[in-house]
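Comments concern the structure below.
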Amino acid sequence: MANISQVYLLNVPLEDDMKNTLYFSNATSQHNYFANNIGRTYNNVSYQSETRTFRCPDQIDTIRQYNYIMWQNSAYSNKWFYAFIKSMTYVSDGYTDIVFEVDPLQTWMFDITVRASFVEREH
């Protein structure tokens, strides 16, 4: 099963410092928000792992404006993964390596159970 992923490049107001993020009431509204910001679409590409570089079949100048990536490995799961684009490297005409880092908050937002807790504030 080599060709099983959907990958999307986006330009969204999120940065990897995690100082500002977006919150959603459910996974559907989250997915709809990101789907409305898709800039480039790649279907039937190789499996994407959380620690890999995505070899994008596009020129670097065509995709330089994107800062975020989302993907789904649909042959294995319906889970959507969200990540920050950390860097892009020219490979050849028509190919660019995109290095990404998973956005843990967006990726796992609806898989986390927050139990009763408190925050102790110290100065």
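The values are calculated or read from the model by the stated rules, or taken from the named source; none is laboratory data. Only a predicted model underlies this, so the values are computations on that prediction, with no experimental measurement involved. Cβ placement follows ideal geometry from the backbone for every residue including glycine, while neighbour counts extend to all protein chains displayed. Quick note on the areas: whole protein, heavy atoms, side chains included, nothing else; ligands and nucleic acids left out. Shrake-Rupley method; radii C 1.70, N 1.55, O 1.52, S 1.80 Å.
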Rounded to the nearest 10 Å², the accessible area of ASP61 using a 1.4 Å probe with every protein chain kept is 120
Spin-label model distance (nm) - ASN37 vs HIS123, 7 Å beyond Cα toward Cβ
3.7
Most to least accessible of THR107, THR28, THR89 (protein chains only, probe 1.4 Å)
THR28, THR89, THR107
Three-way shape label, the stretch 51-123, alpha-carbon gyration tensor, a/c 1.5
oblate
Using only the Cα atoms, work out Rg/Rh for the chain, with Rh taken as the Kirkwood radius, to two decimals.
1.02
Let's see if you can work this out: charge +1 on each Lys and Arg Cβ, -1 on each Asp and Glu Cβ, no other charges. What is the dipole magnitude of the chain about its Cα centre, in debye to the nearest 20?
280
Quick one: order ARG121, ARG52, ARG64, ARG40 from most to least accessible surface, probe 1.4 Å.
ARG121, ARG64, ARG52, ARG40
If I histogram all Cα-Cα distances within the stretch 81-123 using bins 5 Å wide from 0, what percent of pairs lands in each bin?
5, 17, 13, 13, 13, 12, 10, 6, 4, 4, 3
Just grab the label-to-label distance for SER25 and LEU105, each label 7 Å out from Cα along the Cβ direction, in nm (one decimal).
2.0
Suppose a student asked you for the relative contact order of the stretch 1-94, using Cα pairs under 8 Å spaced at least 6 residues apart; what percent would you report?
39
Solvent-accessible ranking of VAL102, VAL114, largest area first, probe 1.4 Å:
VAL114, VAL102
Stretchable slack from SER77 to ASP16, in nm (0.36 nm times residue separation minus alpha-carbon distance)
19.4 nm
